[in-house]
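The values are calculated or read from the model by the stated rules, or taken from the named source; none is laboratory data. Source: prediction; values computed, not measured. As a convention, Cβ positions derive from the backbone with ideal geometry for all residues, glycine included, and neighbour counts pool all protein chains shown.
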Amino acid sequence: MAGKNPFRTTLVAPCGMDCAICMAFLREKNRCGGCYSANCSCRRHCTIAACEHIRGRYRHGCGSFPCRRLKQLDKRYRAKYRMSMLDNLAAIREHGIRAFVRSERERWTCTACGGTINVHRHHCSSCGKEDE
């Protein structure tokens, strides 16, 4: 999957994570199919995906959006992985899911080989080039 274009709207999780750049999706063994697949390895334990206030894929219908859990997740991803779920959700809300996926493709495609940058490891999942 790493050498192909994995970026698609069905791989954006309710929390704003793009599953196409997740190490669980990019790994060869026991690959996760993304949050909307039957074999999602993350969703079983994800309280955000199980939230009863999520309406559709990216619309959160509660007065406490973003909730404490989403804020904590966002803080961790900003610090460790240089990406933000809240920024992703804001971009989806502002410009639409298709525009978001196009920008993700540009941001996370390896300039050396066209593979996908693994957000958790900061390198290309195809050629191993370090993320810049």
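For the stretch 92-109, how many residues are touching a strand residue (DSSP E or B) at 6+ places or on another chain (Cβ under 9 Å), exposed (fewer than 15 other Cβ atoms within 10 Å of the Cβ) and either over 22 Å from His120 (Cα atoms) or among the hydroxyl-bearing types (Ser, Thr, Tyr) (or both)?
1
Among the candidates Gly16, Gly34, single out the residue that is modelled with pLDDT of 80 or more, within 20 Å of His122 (Cβ to Cβ) and part of a loop (DSSP other than H, G, I, E, B).
On the way: Gly34 fails: within 20 Å of His122 (Cβ to Cβ).
Checking each option against the conditions leaves just Gly16.
Across the stretch 1-13, what is the total count of residues that are part of a loop (DSSP other than H, G, I, E, B) and at pLDDT 90 or above?
2
So is Ala79 part of a helix (DSSP H, G or I), more than 24 Å from Thr9 (Cβ to Cβ) and either without any contact (Cβ under 8 Å) to a residue 24 or more places away in the chain or touching a Pro at 6+ places or on another chain (Cβ under 8 Å) (or both) or not?
Here the answer is yes, as Ala79 does meet what is asked.
Return the total of residues in the stretch 56-80 being exposed (fewer than 13 other Cβ atoms within 10 Å of the Cβ), under 17 Å from the mean Cα position of the chain (by Cα) and either of a type in the set (Phe, Trp, Tyr) or at pLDDT below 75 (or both).
1
Would you check which residues across the stretch 95-118 are over 12 Å from Ala20 (Cα atoms) and among the polar types (S, T, N, Q) and list them?
Of everything in the stretch 95-118, those that are over 12 Å from Ala20 (Cα atoms) and among the polar types (S, T, N, Q) turn out to be Ser103, Thr111.
Taking the stated definitions as given, is Leu89 modelled with pLDDT under 95, surrounded by 15 or more Cβ atoms within 10 Å (Cβ to Cβ), assigned to a helix (DSSP H, G or I) and in contact with a helix residue (DSSP H, G or I) (Cβ under 8 Å, 6 or more places away or on another chain)?
In short, no.
Answer with yes or no whether Ala112 is in contact with a Lys or Arg (Cβ under 6 Å, 6 or more places away or on another chain), surrounded by fewer than 17 Cβ atoms within 10 Å (Cβ to Cβ) and under 18 Å from Asn5 (Cβ atoms). So that I can check it myself, show each step before the final result.
Details: in contact with a Lys or Arg (Cβ under 6 Å, 6 or more places away or on another chain): yes; surrounded by fewer than 17 Cβ atoms within 10 Å (Cβ to Cβ): yes; under 18 Å from Asn5 (Cβ atoms): yes.
Answer is yes for this residue.
Just checking, how many residues over the stretch 120-132 are in contact with a strand residue (DSSP E or B) (Cβ under 8 Å, 6 or more places away or on another chain) and assigned to a loop (DSSP other than H, G, I, E, B)?
Number of matching residues: 5.
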